[in-house]
1. Among the residues that make up region 170-178, is at least one of them buried (at least 17 other Cβ atoms within 10 Å of the Cβ), in the same structural domain as ALA76 (by TED's automatic domain parsing) and either under 30 Å from GLU230 (Cα atoms) or among the hydroxyl-bearing types (Ser, Thr, Tyr) (or both)?
2. Can you name every residue in region 109-128 that is of a type outside the set (Gly, Ala, Ser) and in a loop (DSSP other than H, G, I, E, B)?
3. So which of SER123, SER172 ends up being farther than 29 Å from GLY51 by Cβ and among the hydroxyl-bearing types (Ser, Thr, Tyr)?
4. For region 209-227, how many residues meet the condition of being at pLDDT below 95 and surrounded by fewer than 18 Cβ atoms within 10 Å (Cβ to Cβ)?
5. Out of contact with any Ser or Thr (no Cβ under 9 Å at 6 or more places or on another chain) and without any contact (Cβ under 8 Å) to a residue 12 or more places away in the chain: which single residue out of GLU108, GLU79, GLU99 fits that description?
6. Given the structure, is SER129 small (Gly, Ala, Ser), buried (at least 16 other Cβ atoms within 10 Å of the Cβ), more than 14 Å from the chain's Cα centre (by Cα) and assigned by TED's automatic domain parsing to the domain that holds TYR194?
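The values are calculated or read from the model by the stated rules, or taken from the named source; none is laboratory data. Please read these numbers as outputs of a predicted model, since none were measured by experiment. With ideal geometry, Cβ positions are generated from the backbone for all residues, glycine too; neighbour counts draw on all protein chains shown.
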Amino acid sequence: MKKLLFLLLAAVTLAACGNGATADTPKTITIGMDETFAPMGFLDDNNEVVGFDVDLAKETLSRLGYEVEFQSIDWAMKETELNTNNIDLIWNGYAVTPERAEKVLLSEPYLSATQAIFVLKDSPIQTKSDLAGKVLSTQQSSSSIDKIKEDASGIYEKLSGELVLYPSNNNSFMDLEAGRVDAIVVGSTYGRYYVKEAGKEAVFRVLEEDFGEDKMAVALRKEDTELKKEIDATIKEIKADGTYDDIYDKWFFSE
């Protein structure tokens, strides 16, 4: 009887190994993303998934023993995709808001993104108050418009005319470089990515002041509290050992 039980257990073990389910098989975790959100996570010219969040997620989860898969999702349905187990994490420039905190479990924020003010390197503009009497540009239909208009400094009322609005932030950068506007307001993640990719570090400068801040975090299912603790601790390690700075410098312009 014991011999028969042994043979049965051996057969089950061999079958499991034949299907690749060994003890050494890495766990897989699926991250939902918008494949067009440069520089956080997007498809490059070779149709490869790349970006700041992609690199950070891979580094974090590999240290935890996971293999990572990235899955394109309908961004409007991202929380539903997570809570119905179609994906395991949302890690793609996911800004922290009270509404989102009610739907998902959020990691500790790992990146802050401001509505940053870019000027030319040799511009006399040093502070937000220096924008008085100046021409300011931003992207049309962007959240930065309301942030500028509602800013506690009241600087919007002191600008030279209305905001100059363009269909893309690239247009704003080009007009700033050409001297047609004095400053532009753009999300710091994209702005620093643009400057880095365009090789314009010697052309543009970012003011210390800004028009508000968003914090980015990883979204998990409410019950995944242990995974949240592991992700938080590992990102803390990555920041402490300098790996985070290496990833940041790969994607963003920093002064």
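1. No - not one qualifying residue is present in region 170-178.
2. Pass one, region 109-128, residues of a type outside the set (Gly, Ala, Ser): 109-111, 114-115, 117-122, 124-128.
Of everything in region 109-128, those that are of a type outside the set (Gly, Ala, Ser) and in a loop (DSSP other than H, G, I, E, B) turn out to be PRO109, TYR110, LYS121, ASP122, PRO124, ILE125, GLN126, THR127.
3. Numbers: SER172 fails: farther than 29 Å from GLY51 by Cβ.
Every option except SER123 fails the conditions.
4. Of all residues in region 209-227, those at pLDDT below 95 come to 212-216.
Next cut, surrounded by fewer than 18 Cβ atoms within 10 Å (Cβ to Cβ) only: 212-213, 215.
Of the residues in region 209-227, 3 are at pLDDT below 95 and surrounded by fewer than 18 Cβ atoms within 10 Å (Cβ to Cβ).
5. On the way: GLU108 fails: without any contact (Cβ under 8 Å) to a residue 12 or more places away in the chain; GLU79 fails: without any contact (Cβ under 8 Å) to a residue 12 or more places away in the chain.
After ruling out the rest, the residue left standing is GLU99.
6. Numbers: small (Gly, Ala, Ser): yes; buried (at least 16 other Cβ atoms within 10 Å of the Cβ): no; more than 14 Å from the chain's Cα centre (by Cα): yes; assigned by TED's automatic domain parsing to the domain that holds TYR194: yes.
For SER129, the condition - small (Gly, Ala, Ser), buried (at least 16 other Cβ atoms within 10 Å of the Cβ), more than 14 Å from the chain's Cα centre (by Cα) and assigned by TED's automatic domain parsing to the domain that holds TYR194 - is not met.
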